[in-house]
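The values are calculated or read from the model by the stated rules, or taken from the named source; none is laboratory data. Fair warning: this is a prediction, and the values are worked out from it, not measured in the lab. Cβ placement follows ideal geometry from the backbone for every residue including glycine, while neighbour counts extend to all protein chains displayed. Heads up: the accessible areas ignore ligands, DNA and RNA and are worked out on the full protein's heavy atoms, side chains in. Shrake-Rupley method; radii C 1.70, N 1.55, O 1.52, S 1.80 Å.
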Amino acid sequence: MPKSYLIILGVIGLVALIVVGSIVGVTVGGKISQQRALKGKTSQQLFKEGLTFIAQQEYEEAEMVLSEAASREPGNLDYLYQLAMVKYNLADYDQAIGLYQKIIATKETAFAWNNLGNGYREKKNYDKAKEAYQKAISLDSGFLVAYSNLALIYVDEGIKDEAVNILKQGI
């Protein structure tokens, strides 16, 4: 092989190495700078930033900052609620369900039970979804969303008479 080909191959190889190295460096550098940015903020600052990301429907970013806030203060229900809703919006239903269960273990609310039911409904686990919606209704008989969600399960199951009865109960 002539020297000119070897030189060309060497240059191509060097360029490829530089390009790959810069891409890897950017990725690693980006993660390092993200971690530094998270560590320089309080949990409350991260939470507020997470709410901003949610308002902008930037759920991956919200997940990152809210996960960090929740890991620092695992008993903070506000952080857990928002993180659970982000997980749900990212279609990570198992994680959302787990977070709602953790919230409910600390403080039962109709809102948490309803959202737990939503997670189960998305996974087509209708029996658990019904139980969760019924629990939400038992905690707050005026929480109309739970009636509506429960009725949707009966519609999905083809039991329209029961769906109508549930909706009437909520009126």
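Of all residues in region 128-147, count the ones that are free of Cβ contacts under 8 Å to residues at least 24 places away in the same chain and over 18 Å from residue 100 (Cβ atoms). Total satisfying the criteria: 3.
Hey, among 88, 93, which residue is of a type outside the set (A, V, I, L, M, F, W, C) and buried (at least 20 other Cβ atoms within 10 Å of the Cβ)?
88
Inclusion of residue 73 among residues that are within 22 Å of residue 42 (Cβ to Cβ), modelled with pLDDT of 95 or more and open to solvent by 20 Å² or more (accessible area, probe 1.4 Å) is warranted.
Could you pull out the residue among 127, 94 that is over 30 Å from residue 39 (Cα atoms) and assigned to a helix (DSSP H, G or I)?
Values: 94 fails: over 30 Å from residue 39 (Cα atoms).
Residue meeting the stated conditions: 127.
Residue pairs, Cβ under 7 Å, 6 or more apart or interchain, first in region 59-79 and part of a helix (DSSP H, G or I), second among the acidic types (Asp, Glu). List them. What qualifies is 65/49; 79/73. When residue 162 is tested against the conditions (1) within 22 Å of the chain's Cα centre (by Cα); (2) open to solvent by less than 80 Å² (accessible area, probe 1.4 Å), the lone failure is (1). Going residue by residue through region 38-50, is there one that turns out to be basic (Lys, Arg), at pLDDT 55 or above and in a helix (DSSP H, G or I)? Checked region 38-50: at least one residue is basic (Lys, Arg), at pLDDT 55 or above and in a helix (DSSP H, G or I).
If the condition is being more than 26 Å from residue 48 (Cβ to Cβ) and either of a type in the set (Ser, Thr, Tyr) or surrounded by 21 or more Cβ atoms within 10 Å (Cβ to Cβ) (or both), then region 98-115 contributes only 113. Can you name every residue in region 45-56 that is without any contact (Cβ under 8 Å) to a residue 24 or more places away in the chain and open to solvent by 60 Å² or more (accessible area, probe 1.4 Å)? Those that are without any contact (Cβ under 8 Å) to a residue 24 or more places away in the chain and open to solvent by 60 Å² or more (accessible area, probe 1.4 Å): 45, 48, 52, 55, 56. If you check 151, 146, 136 for being over 26 Å from residue 75 (Cα atoms), in contact with a helix residue (DSSP H, G or I) (Cβ under 8 Å, 6 or more places away or on another chain) and either open to solvent by 60 Å² or more (accessible area, probe 1.4 Å) or in a helix (DSSP H, G or I) (or both), only one passes: 151.
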